[in-house]
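*Asks:* Here it is, the structure, as structure tokens.
Readers should treat all values here as calculations from the given coordinates under stated rules, not as data from a laboratory. From a predicted model like this one, the values you see are computed outputs, not experimental measurements. A quick note on method: Cβ atoms are made from the backbone with ideal geometry, for glycine too, and the neighbour counts reach across all protein chains shown.
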Amino acid sequence: MSEDIDIQDREAREAAEKAAEYEHGWSSDIETEFAEKGLNEDTVRFISAKKGEPEWMLDWRLKAFRLWQEMEEPNWAKLGYPEIDYQDAYYYAAPKKKVELDSLDDLDPEIKRVYDKLGIPLGEQEVLAGVKGAKKVAVDAVFDSVSVATSFREELKRAGVIFLSISEAIREYPDLVKKWLGKVVPQHDNYFATLNSAVFSDGTFVYVPEGVRCPMELSTYFRINAENTGQFERTLIVAEKGSYVSYLEGCTAPMRDENQLHAAVVELVAMEDAEIKYSTVQNWYPGNSEGVGGIYNFVTKRALCQGARSKVSWTQVETGSAVTWKYPSCVLNGEDSVGEFYSVAVTNNYQQADTGTKMIHNGKGSRSTIISKGISAGKSDNTYRGMVRVAANADGVRNRTECDSLLIGDQCGAHTVPYIEVKNPTAQIEHEATTSKISDDQLFYAMQRGLDDEEAMALIVNGFAKEVLKELPMEFAVEAQKLLAISLEGSVG
Amino acid sequence: MLEIENLTAEIDGKTILNGLTLTVPAGEVHAIMGPNGAGKSTLSYVLGGRPGYEVTGGSVRFDGEDLLDMEPHERAAAGLFLGFQYPVEIPGVSNVQFLREALNSQRKARGEEPLTGGEFLKLAKEKSALLKLDPEMLKRHVNVGFSGGEKKRAEMVQMGILDPKFAVLDETDSGLDIDALRVVGEGINSIMRAPDKAVLLITHYQRLLEVVKPDKVSILSQGRIVQTGGPELAVRLEEEGYDAVMAA
């Protein structure tokens, strides 16, 4: 155990020693096959054809595209960014060398190098290196828009778990996809989700059958690799009665000067007694210290807790992106169903984040917990926006919300915008919010004990975020701690 | 070991230290006493390098090195420890994590190997036993929810673990009952009483000095040392008061 700790410490130290500039600021030169710039019905047809989709899928996309044309980009969030020219972006980019591999060992060395640079967490590195007895983590690698490799498919298959890219799932399990796609996040849900429905490039599909506990943590790396290419990932996870699955999503992106649009949709469905744990470490390129470049991240994530006693936990560590617009939510339809949202959002320099959750309580006795930790530094703005809604016939609902903001310096902003709508008098809703500054006392105390200013800051910030970080799987927690330290570098003083 | 020469320092433009000169050689425990507002806490912060405390003149040499030229963490690594009058809370960070990171940062700065988790825990348990602090306290967050006495004892455990060459203890005795005072005093003796170490003990009261037994006592008033003597000076201060002793 102590050796594990040592390795983690060493890793954390090494990470902290890296240059203050964005670590993943490089790009690899795998040839890309673009769809033409711009967005029209032909673009949608091109994407669908490229992926060899059946007619029904194309129709579904076209319907979404037509809806999208009638919609307006939302402007209610506390975000400011230049107008996005949707005709000045590419909507499809795929690596030219299409390879179907049995294992990641056979991966294109160039792509392999990319993964190495990404610093894939310990457990997965062992898996990649083929270490015996390594804790199993299945990596469905999403490189740009196409899944290039899927590992452990066989073992998952034996358990009855389907873990595929969404494109494959559309071809191989059309009935399952048809049954659930767009059922949690409807095509017309919101501007960005509708755009995604029209042009989604790839993503992940997970199906866990009744009574199955998924034998490993599932993990996907998303990565934007082509200049000016929007990423439109689509994820669908269905957990049948009494099943369990833990899914890890991590993102990094190379440094680019132009803003890149990212609009993902994630749909989760948990049936009776099923549990889904969804963890995200988001580290898209945040732009440089002057606020130039960076990812625009407009994400729609929603879970349907459909069955009685079903449970969904969202845990997110958001350090990246120039603009984040993201509200992982739970629709708690099942009696005694449980929704949880644990979030750490860090903004530095000119980053803007408007993030939070919605807990929609329709089921009797449904419960939810929201713990949000916002950390703002530099000239950034960090908003928690959350909604707790209790339907009239949902008796005995409970919610606890805790929103804590930590300010570093005096030029950043932290905002808390809770919406509470309760139509049933038996509901118990608790909301607590605090705002604090990292105090000079704390910094000096830690420095007097031997930590330099960056280490002292990292220590205090990690302490602040602890309640959320402990919800992450081990490998992710280590990576997340490093990320917090890296993303706040240069903010002391 | 510590040579302070004609030191002047100010906060927000207000002069607090005003030509302070003091030498504390290795092996010595030197008590600083003085009325409120004399500059006792400022002295300790200036030695620690706290931002906002501006040195406007004079020099401080620590083992021959220019202390004022070092960053706070470099001073710590060089062997300087500050016992805080009001130890600071750090929520979410356990004492174990805090002290292990601090110690290993110091060791790294000195070119030593970091301690492993096991080695560190052994050391931490040993030192908390010495200070009669329940080792379970090490798992709790730094100073969060600690009583005044627990905080001061925890400071001494930190000192034991970090094992400094020189400790500046700022009113470590305030807020302690008689039993805790004895434990802390004996802790100072066992950790810092050595030929190659020294202590600057800032206090208002004689009672801690009965346990720690300083070699020298100095009176700090209006930002400078106005009188230095043996332990008997502390006894006189306690009996007669600052005004009487300084006027004499």
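*Asks:* Please compute the average number of Cβ atoms from other chains found within 10 Å of each residue's Cβ in peptide A:450-457.
*Replies:* If you average over the peptide's residues, the count of other-chain Cβ atoms is 6.
*Asks:* Same structure, new question: Between B:GLU5 and A:SER289, what's the calculated FRET efficiency when r is the beta-carbon distance and R0 is 35 Å? Round to 0.05.
*Replies:* 0.25
*Asks:* From the backbone phi of the range B:124-130, what are the Karplus-calculated ³J(HN,Hα) couplings (6.51 cos²θ - 1.76 cosθ + 1.60, θ = phi - 60°) in whole Hz, Gly and Pro given as x?
*Replies:* Here the 3J(HN,Hα) series is 5, 5, 4, 6, 6, 5, 4 Hz.
*Asks:* Any idea how far apart B:ILE178 and A:GLU467 come out in nm if each label point goes 7 Å out from Cα toward Cβ?
*Replies:* For the pair B:ILE178/A:GLU467, the computed spacing is 4.3 nm.
*Asks:* What's the FRET efficiency of B:ALA26 with B:TYR205 using the Cβ-Cβ distance as r and R₀ = 22 Å, to the nearest 0.05?
*Replies:* After rounding to 0.05, the efficiency reads 0.25.
*Asks:* Further question: For a quick check: with amide H placed at 1.01 Å from N, whose amide H comes under 5 Å from B:GLY83's, ignoring anything fewer than 5 positions away on the same chain?
*Replies:* B:VAL168, B:LEU169, B:ASP170
*Asks:* So what J values fall out for the range B:44-55 if you push phi through Karplus, 6.51 cos²θ - 1.76 cosθ + 1.60 with θ = phi - 60°, rounded to Hz, Gly and Pro as x?
*Replies:* Each residue's phi maps through the Karplus curve to give 5, 5, 5, 5, x, x, 5, x, x, 9, 9, 7 Hz.
*Asks:* May I ask you to evaluate 6.51 cos²θ - 1.76 cosθ + 1.60, the Karplus curve with θ = phi - 60°, for each residue of the range A:186-199 and list the ³J(HN,Hα) values in order in whole Hz, giving x for glycine and proline?
*Replies:* Values per residue, Gly and Pro as x: x, 3, 8, 3, 7, 3, 6, 5, 5, 4, 4, 4, 7, 10 Hz.
*Asks:* How many partner chain Cβ atoms sit within 10 Å of a residue's Cβ in peptide B:155-165, on average, as a whole number?
*Replies:* Averaged over the peptide's residues, the number is 1.
*Asks:* So, one more: Packing-wise, with mean Cβ within 10 Å as the measure, how do B:203-215, B:71-83 rank, highest first?
*Replies:* Final packing ranking: B:71-83, B:203-215.
*Asks:* Any idea what log10 I(q)/I(0) is at q = 0.14 Å⁻¹ for chain B, Debye with uniform C-alpha scatterers and no solvent?
*Replies:* -0.94
*Asks:* Next question, about the same structure. Considering amide H positions built from the backbone, and no H for Pro or chain starts, which residues 5 or more places from A:LEU406, or on another chain, come under 5 Å of its amide H?
*Replies:* Result for A:LEU406 returns A:GLY374, A:ILE375, A:SER376, A:SER436.
*Asks:* Looking only at other chains, what is the average number of their beta-carbon atoms within 10 angstrom of each beta-carbon in B:92-100?
*Replies:* Across the residues of B:92-100, the mean count of other-chain Cβ atoms within 10 Å is 4.
*Asks:* Once you've got the Cα coordinates, tell me which of B:LYS40/B:LYS139; A:LYS37/A:LYS183; A:LYS179/A:LYS423; A:LYS157/A:LYS470; A:LYS373/B:LYS127; A:LYS63/A:LYS301 are over 27 Å apart.
*Replies:* Over 27 Å apart, Cα to Cα: B:LYS40/B:LYS139; A:LYS37/A:LYS183; A:LYS179/A:LYS423; A:LYS157/A:LYS470; A:LYS373/B:LYS127.
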